[in-house]
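The structure appears below as C-alpha cells.
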Amino acid sequence: MTRRLFWKIFISFWLAQMAFIAYMGFRANQLYGTQGPLWHLSAEKSMPLIAQASIAQLKAGGPQAAAAELQKRSDPERINFWLLDAKGKNLTGQAYPEIVAEAVESHLSGKEPGDLGNHAVLFADTKDDLGNTYTLVGHYVLNRSSSLFRGEGLIRAILISSLLSGLTCLLLAHYLTRPITILRGATQQLASGDLEARAGKDLGKRSDEIADLVRDFDRMADRLGELVQSQRRLLSDVSHELRSPLARLRVALALSRRREDAAQNTSHDRIELEVERLDELIGRILTLSRLESGQVNPPMEPLSLNLIVEEVVEDAKYEAERTGHTVKLESRDDVHMNGNEELLRSAVENVVRNAIYYTVGPDPVMVTLASRDGFATVTVRDNGPGVPAALLPDLFRPFYRVDDSRMSGTGGTGLGLAIAEKAVKLHHGSICARNGIPNGLIIEVSLPCQPKEQQAAKHQEVVPQNV
C-alpha cells in the first residue's frame, strides 16, 4: 500500500525545515562569523578604552603597571591583550603566541593575516596626549558556537540539523498518518463484511481531531453492526415463524387431497408446488442467516471433493433434463481436502443450479474440477447471456437480482450464490464470477486442498494395507 499522504507530509515539512535551517545558517554566518558585525561589536567598542587605560598605567607605573592592567582585563582561556609602541615593540614584557606573532608581523607590514582558524587577532591604534601612537593587540579564542558558523563548521551544523529535522518530520508524519492508515484498514474490513472491524482500539489515549474521526467511525460501525444484526435476527425469526404455518398448510393440503376430484387436482398440485418453493426459500434464508451470523462452526474432516462434485452433477442432470439442458463433468485430478461435506455440497450445488437456470442452447453446462499448487478449483460455465461486468461482484449479495423478470421466470431467489460464497469462505477459499467468451457466465470456486505429492504419498501408504 502506497503511503502518499505520509510522504507528502514528510517531504513538505522537511523541505520547509531545510529552507529555514539554510537561511538561519546563512544569517548566523553573517552575524556571528569572524567577519560578522555582532562578533566583534563589543571588541570594537572596548579595545580603544582598554588601550587608553593601559597607556595611562604605562605612563604612571611603567611596563609592569601596563601589563597588570591588561592582565586584569584578560581571560587567559579566551582573551589576551598586549600593548605595542609605534615600532611594534611589545611594551608589556609578556610574550605572545606564535599565531599572534604572525598576525602582528602581517599587520606591521600592511598585509592581511591568513586564516587563523578558531582564533582572531584585532588591533586598536591609540595616541597619547603627546601624540605618540600605541597599538593594542587583542587575541580572541572563538568559542564553539562561533566556530560552528564558519566554513566547514557551518556545513556540519547544517547537515546535523538536516538529519535531526528529517527524523523529527518522519516521526511527525508517522504520528499524523498512522490513524488514517488504521482507519483505512478498518474501512476495508468493514466493506468486506467484517462487522467487528474497529480502528480506535489502536489509538490509545490520543485525543486530537483525527482520533475523534476514528472514534466517530467506530460509533458508526457499532450502529451499522447493530442494524445488520437486527435485520438478520428479524429475517431468521420470521423464517422460523413461517415454518409452522407451512407445516399446517401441508397437512391441510394432504387432507384436502383425500376428498379431491379431478377438477381440484390441478389446483392442489399448484398449491403443493408453491408450498415447496416457499419451504425451499425459507430453508435458504435460514441457512444464509446461520452462515452470516457465525453460528455455524462446522466440523472439518478429510473428504474427497471429487465424490461431492460427481454426486452434485448427477443430481443436477435430472433437473437440467426438465428444461432440455445437460450437465457435463470434466475431472482432471483426484482432490482430497479437509472440509465440511454438507457445506461444500451446498456451495457446489448452488453454483451448478444457477448455471442450469440461465444456460441457453444445446451446449451443456460444463463443470471442471482441477488442482494446482495446493488449491482445488471447481469451475462452472453456462451458455447464457452473461452479466454486465460492473454487476459481477453483486452476484454474491443476498437477494440480488440482475433482472427481476429473468429471476421470476427461472424461479430463483437470489440466495444461491450468496450461500455458496459464505460456505466457501468458511473453508478459507474464494469464489468469483467472470463472463465467458463469446458468451456465458463462469463461476470459479477455489479451495485449499492437499498437494498432489502429499495425496500420492498417502495413497502409497494405503495400498500395502489392502494387499
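The values are calculated or read from the model by the stated rules, or taken from the named source; none is laboratory data. This one's a predicted model, so the numbers in the text were calculated from it and none came from an experiment. Because the Cβ atoms are built from the backbone with ideal geometry, glycine has one as well, and the counts that use them run over all protein chains shown. The protein model used for the area step is the full one, side chains on, heavy atoms only, and it has no ligands, DNA or RNA in it. Shrake-Rupley method; radii C 1.70, N 1.55, O 1.52, S 1.80 Å.
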Subject >> Unmet criterion (only one of (1) over 24 Å from Pro298 (Cα atoms); (2) open to solvent by less than 50 Å² (accessible area, probe 1.4 Å)) for Ser331 >> reply: (2)
**OP:** Restricting attention to the range 347-369, report how many residues are open to solvent by 30 Å² or more (accessible area, probe 1.4 Å) and small (Gly, Ala, Ser).
**Re:** 1
Original post:
Which one is surrounded by the fewest Cβ atoms within 10 Å (Cβ to Cβ), of the residues in the range 191-212 that are under 21 Å from Arg397 (Cα atoms) and modelled with pLDDT under 80?
Top reply: Ser192
Original post:
Which members of the range 364-385 meet the condition of being more than 23 Å from Val402 (Cα to Cα) and out of contact with any helix residue (DSSP H, G or I) (no Cβ under 7 Å at 6 or more places or on another chain)?
Top reply: Thr368, Ala370, Arg372, Asp373, Gly374, Phe375, Thr377
**OP:** Among what's in the range 181-203 and is over 15 Å from the mean Cα position of the chain (by Cα) and not in a loop (DSSP other than H, G, I, E, B), pick the residue that is nearest to Val214 (Cα to Cα).
**Re:** Gly200
**OP:** Just one of (1) crowded, with 17+ Cβ neighbours inside 10 Å; (2) more than 30 Å from Glu102 (Cα to Cα); (3) modelled with pLDDT under 85 trips up Leu170, so point out which.
**Re:** (1)
Original post:
Within the range 3-40, restricting attention to residues that are open to solvent by less than 80 Å² (accessible area, probe 1.4 Å), of a type in the set (S, T, N, Q) and within 19 Å of Asn118 (Cα to Cα), which residue is modelled with the lowest pLDDT?
Top reply: Thr34
Original post:
Looking only at the range 426-446, which residues are assigned to a strand (DSSP E or B) and open to solvent by less than 50 Å² (accessible area, probe 1.4 Å)?
Top reply: Ile431, Ala433, Leu441, Ile442, Ile443, Val445, Ser446
Original post:
Within the range 80-96, how many residues turn out to be open to solvent by 30 Å² or more (accessible area, probe 1.4 Å) and under 13 Å from Gly138 (Cβ atoms)?
Top reply: 2
Subject >> Leu70, sole failed condition from (1) open to solvent by 20 Å² or more (accessible area, probe 1.4 Å); (2) under 23 Å from Leu108 (Cβ atoms) >> reply: (1)
Original post:
Which one of Leu190, Leu171 is touching a residue at least 24 places away in the same chain (Cβ under 8 Å) and more than 15 Å from Ala19 (Cα to Cα)?
Top reply: Leu190
**OP:** Answer with yes or no whether Ala124 is touching a Gly at 6+ places or on another chain (Cβ under 9 Å), within 19 Å of Leu49 (Cα to Cα) and part of a helix (DSSP H, G or I).
**Re:** no
Original post:
Among the candidates Arg178, Arg219, Arg215, Arg233, which residue alone is loosely packed, with under 13 Cβ neighbours inside 10 Å, at pLDDT 80 or above and not in a loop (DSSP other than H, G, I, E, B)?
Top reply: Arg219
Original post:
Quick one: would you say Val121 is in contact (Cβ under 8 Å) with a residue 12 or more places away in the chain and in contact with a Pro (Cβ under 9 Å, 6 or more places away or on another chain)?
Top reply: yes
**OP:** Of the conditions (1) under 16 Å from Thr135 (Cα atoms); (2) touching a helix residue (DSSP H, G or I) at 6+ places or on another chain (Cβ under 9 Å); (3) crowded, with 16+ Cβ neighbours inside 10 Å, Pro113 clears all except one; give me its number.
**Re:** (1)
Original post:
Which members of the range 57-94 meet the condition of being over 16 Å from Asp125 (Cα atoms), of a type outside the set (Gly, Ala, Ser) and in a helix (DSSP H, G or I)?
Top reply: Gln57, Lys59, Pro63, Gln64, Glu69, Gln71, Lys72
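Rundown of residues vs (1) modelled with pLDDT under 70; (2) acidic (Asp, Glu); (3) over 38 Å from the mean Cα position of the chain (by Cα), yes/no style:
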residue: Glu260; (1), (2), (3): yes, yes, yes
residue: Glu292; (1), (2), (3): yes, yes, no
residue: Glu301; (1), (2), (3): no, yes, no
residue: Val312; (1), (2), (3): no, no, yes
residue: Lys317; (1), (2), (3): no, no, yes
residue: Glu321; (1), (2), (3): no, yes, yes
residue: Arg353; (1), (2), (3): no, no, yes
